[in-house]
Every structure is written in C-alpha cells, then in structure tokens.
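Note sheet for the following structure.
The values are calculated or read from the model by the stated rules, or taken from the named source; none is laboratory data. Here the structure is a predicted model, which means the values were calculated and not measured. Positions of Cβ are backbone-derived with ideal geometry, glycine not excepted, and every protein chain shown enters the neighbour counts.
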Amino acid sequence: MSSVVDTTQIFKENLFAGKVLLCSGGGSGICRGMTEAMVRHGAKAVIISRSKDKLEKAAAEMRQATGGEIIAVAADVRKPEAVENAVQKTIEAFGRIDFLINGAAGNFLAPFQDLSYNAFRTVIEIDLLGTFNLTKAASEHLKKAKGSIINVSATLYYTGLPYQQHAGSAKAAIDALTKHWAVELGPHGVRVNGISPGPIGSTVGMKKLSGAFRRDENGGHSSIPLGRQGETMDIAQATVFLNSQGASWITGVTLVVDGGCWMTTAPVNYPQMVLNPPKLARL
C-alpha cells in the first residue's frame, strides 16, 4: 500500500485560490497529476498539448474529480504562434497567469547508431524549444502576477544514461534555462525552478523506458535508496510546495524527486546493452 498522502492532507486546500496555471503536457502522466494537485488547492488551469480530443477528455475527468475549472487548448509547443494563441486563450478565459509548468516532452529508447538526425532534432524541439517558446509567450503575464515557473526535467544526463542522449541533452539545456531565467526574471518577482522526477510507476514514460534501465534483477526497487518506485503524487507534492509561499525564497533550483535513484549503480546489463544493442525501430 502506498505511503503517499494526498496534497490536501499537508497543504491548505485554498492555497492557490484565485490563481491560474498554464501547463503544457497537462493532459497525461506526471503533468496531469501536477495540474490536478494545483486545482485541488484552488487554482484554475489551462492544459495544452497537440491532441485536442485527449486533452478534452482529461480536462473533463479532472473537472469531475476536483470540481475545479480546467480548460483544454490544443497547441504544438514547437510553434511560437500556437503557444501565443494558448496564452491568449488563457487570458481571455481567466484574465491572468500565475503559474507555468513546462512539461511537454518526447522520449524513446534509441542507441546512438540508430538515432536519426530527425529524431534527435524532434526531441530537442519539443522539450527545449517548447519550453522556451511557451515561457517566452507567457513571460509578461507571469511578471504581472509575480508568478512561478516549474520546468519538468530529468536526471538522465547526470550519469550519461545509455539510449537517452537526445532527451538528456534537452533536459540539460532546460536546467540551464532554469538558472538563466531565475536570474533574469527574479528582479520581476518571478521564481523559476525545476523538478526532475525519478521512475514513476503506472505512467506511459515508465512503461516505455523501464525495461532497458532496470537497475537490479528484482525489478529495480532495491537499488532505490528509499525502497520504492515513485508515484505521481510524489511529484504533485513537490509542485505544490515549489509554487507555494513556503518556497518564496527558492529559485534557480532543480529539485530531484526520485528516492535517491540517480545516485545508485548503472543499469544491470551495462555495458552489454551498448556493445550489443537490442533491435529497436530506427528513429
């Protein structure tokens, strides 16, 4: 049984009353959990991604679960005009933007020799350029609100994890942006932080990536210092904290929320996985 409790058992339920969140990637996985947590604490939310149908379904489900106000806006974060439109629709609907979560991302397993030029560029465009584009489009509204930005990152590049150079490179650059923006937006009252989630069970990303990176023969848990896989609520708790006044003097930090996983040993089948890579689709 999970030992993770709902955010409302720790933080005040009306913590973000009257505030507005804009979240890319908020229709699924970790970012959906982050969005739902913010709404449970009183925020209104706009979620964006490319798939309008999936977004609408997610927004409806979250409205039913929380009783809050959540709207869906289709937007490809790689296109400046699309994110500018999403920001405009957010202002039209709610009049302000207090919180921004940059969570849109693309990832897959790919040995170096099978990673195409186009595949590498696509991940950089979604993760890195998408983060820049949406933040650029929302920045003036965040300044007005003296708001908070959270960039969803990853620990992939901390140890040079195999098959992940595309996503790792993008996340390394996003962590750099977190620092640069903290310095440039800080005088305007805007805080900028990141969250690097560890292996979060039941998410699409975990299903896609976990097989190649199991860190022990018992399914991976014994090599996580805190002894369990993560849950979306773990990331939600960190999100509520970083966006709250409890973190009012914290900026430029990328918070690793992974139970200590990144500090442990390499994947159990390294270096064989590099010398004799599995047959994966060329990308």
Filtering region 222-259 down to residues that are farther than 23 Å from D6 by Cβ and at pLDDT below 95, which residue is farthest from the chain's Cα centre (by Cα)?
-> S222
Out of (1) within 14 Å of C23 (Cα to Cα); (2) surrounded by 21 or more Cβ atoms within 10 Å (Cβ to Cβ); (3) under 18 Å from the mean Cα position of the chain (by Cα), the one A170 does not meet is (1)
For N151, state whether it is at pLDDT 95 or above and touching a Pro at 6+ places or on another chain (Cβ under 6 Å).
-> no
Have a look at A74, A17 and point out the one that is farther than 22 Å from A247 by Cβ and surrounded by fewer than 22 Cβ atoms within 10 Å (Cβ to Cβ).
-> A74
Just need a number here: residues in region 100-148 that are in a loop (DSSP other than H, G, I, E, B), touching a Phe, Trp or Tyr at 6+ places or on another chain (Cβ under 9 Å) and not hydrophobic (A, V, I, L, M, F, W, C).
-> 2
Taking region 230-249, which residues are outside any helix (DSSP H, G or I) and buried (at least 20 other Cβ atoms within 10 Å of the Cβ)?
-> G230
Only unsatisfied item for I47, checking (1) modelled with pLDDT of 95 or more; (2) farther than 19 Å from S153 by Cα; (3) not acidic (D, E), is (2)
Go through the residues of region 250-262 one by one and say whether even a single one is assigned to a helix (DSSP H, G or I) and in contact (Cβ under 8 Å) with a residue 12 or more places away in the chain.
-> yes
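Can you tell me which of V77, V87, V73 is modelled with pLDDT of 95 or more, under 21 Å from D127 (Cβ atoms), hydrophobic (A, V, I, L, M, F, W, C) and within 17 Å of the chain's Cα centre (by Cα)?
Just one listed residue meets the conditions, V77.
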